[in-house]
1. Please report the equivalent ellipsoid semi-axes of segment 11-165, computed as sqrt(5 x eigenvalue) of the Cα gyration tensor, largest first, in whole Å.
2. Within segment 133-165, list the residues whose amide N lies under 19 Å from a label point set 7 Å along Cα→Cβ of LYS114.
3. Would you mind checking LYS40/LYS86; LYS40/LYS78; LYS82/LYS146; LYS78/LYS114 for any pair whose Cα atoms are more than 28 angstrom apart?
4. Using a 1.4 Å probe on the protein chains only, how many percent of the accessible area of segment 61-165 belongs to carbon and sulfur?
5. Evaluate the distance, in nm, between pseudo-label points positioned 7 Å from the Cα of THR46 and of ASP90 along their respective Cα→Cβ axes.
6. How much accessible surface area, in Å² rounded to 10, belongs to the heavy atoms of TYR124 with a 1.4 Å probe?
7. Just to check I understand the Karplus step: with θ = phi - 60° and J = 6.51 cos²θ - 1.76 cosθ + 1.60, what whole-Hz values come out for segment 61-67, glycine and proline as x?
Amino acid sequence: MKNKYVSLLASAMLFVCALNGQEKSGNPFVGSWQLIAADKLLPNGTRVSDYGAEPHGMAVFTADGHFMIDVFRNVRTKFASKDREKGTFDEYKEAQLSSSCSFGTYTVDAAANKITLHIDRSTYPNGDDTTQVREYEVEDDTLSWKVAPRPDGSIPITVVRRIAP
């Protein structure tokens, strides 16, 4: 329970930092972003929705190099019990597969269009304490990046639109 509150507090602090006192740095990531697509590119080249037709989420990148990314499926199954510690196996599985969240620090190589994420914690525990490099594209107030291919060969693509500098 304590970890839940620490994560919530860290997320809120990152959001406030992103909204206050940011300098214009040439870093295209700095700001707050609303998720507009969470797709995946299949090995045959087809692009399909990965978290539903209208996924929910946001990303915050602070000027001092911290980030938080939250992605949620648009339709999520509620637990039958009102106690999160009394879910069924299927409820826990669905909750895990319907979200992807992480936070940590980041650096940007604008010349190579790559962002390096130093992930502190993730909803996927294998992502904890890892470093991941992702290609990105920026067009006006829309930012997208590709995640490393999954074991099935699909490549997740996250698309966000700026909501605050």
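1. Values: eigenvalues 138, 75, 43 Å².
One finds semi-axes of 26, 19, 15 Å for segment 11-165.
2. Answer for this model: 133-138, 144-150, 155-158.
3. Numbers: LYS40/LYS86 32 Å; LYS40/LYS78 25 Å; LYS82/LYS146 36 Å; LYS78/LYS114 37 Å.
Going by Cα-Cα distance, LYS40/LYS86; LYS82/LYS146; LYS78/LYS114 fall outside the 28 Å limit.
4. On the way: 3310 of 6480 Å².
Carbon and sulfur: 51 percent of the exposed surface of segment 61-165.
5. For THR46 paired with ASP90, the spin-label model returns 2.6 nm.
6. 130 Å²
7. Result, rounded to whole Hz: 10, 8, 5, 8, x, 9, 9.
The values are calculated or read from the model by the stated rules, or taken from the named source; none is laboratory data. Only a predicted model underlies this, so the values are computations on that prediction, with no experimental measurement involved. Please note: Cβ atoms are built from the backbone with ideal geometry, for glycine as well, and neighbour counts cover all protein chains shown. Heavy atoms of the whole protein, side chains included, go into the accessibility calculation; ligands, DNA and RNA do not. Shrake-Rupley method; radii C 1.70, N 1.55, O 1.52, S 1.80 Å.
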